[in-house]
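Structure first, commentary second.
Laboratory data are not the source of any read-out in this text; all were calculated from the coordinates shown. This one's a predicted model, so the numbers in the text were calculated from it and none came from an experiment. Here the Cβ positions follow ideal geometry from the backbone for every residue, glycine too, while neighbour counts run over all protein chains shown.
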């Protein structure tokens, strides 16, 4: 897991304790409808392009930055697919760091760059149709993001609110 200077500094204060982390996922599909995924160098699991946001960073800028860092491709976000959080997005990394992600998933199109894995976070890139993507080894939260990317819903997906005030 690559770690930003901000997150590294935060971890010196809180150690491995739970932190809330804004993040982005970038869903790029080609003309055939295949989705671009990356394979994590450390775990070997396939995942969406994306990562944590930096302080004061706009979500769309984070999506463009993460896509370029991980894939070498310059993308343009075109819409929000969904907003995600909750227990499925609470992860404990192999080093013991605990993160609860609040993620924004963007649809995006390629506007430039040259395809290449970054090799410090991901070792492979691949384009997958839905059946092939579903057959890959991946974390449960990744599967949810990918399922929603293939749904092509006209509106952003999110979990309906269940909280109600005590009256």
Given the options 139, 108, 67, which has the most mean-square fluctuation in a GNM of the chain, springs set between C-alpha atoms less than 10 angstrom apart? 139
Between the alpha carbon centres of segment 40-68 and segment 1-21 the gap in Å comes to 16 Å
Give me the percent of Cα-Cα pairs in the chain that sit more than 30 Å apart, rounded to a whole number. 14 percent
Classify segment 99-167 as rounded, prolate or oblate, taking a ≥ b ≥ c as the square roots of the eigenvalues of its Cα gyration tensor: rounded when a/c is under 1.5, otherwise prolate if a/b is larger than b/c and oblate if not. prolate
Kindly put 127, 46, 163 in sequence by how many other C-beta atoms sit within 10 Å of each C-beta, fewest to most. 163, 127, 46
Among 37, 73, 153, which comes first, second and so on when ranked by fewest other beta-carbon atoms within 10 Å? 153, 73, 37
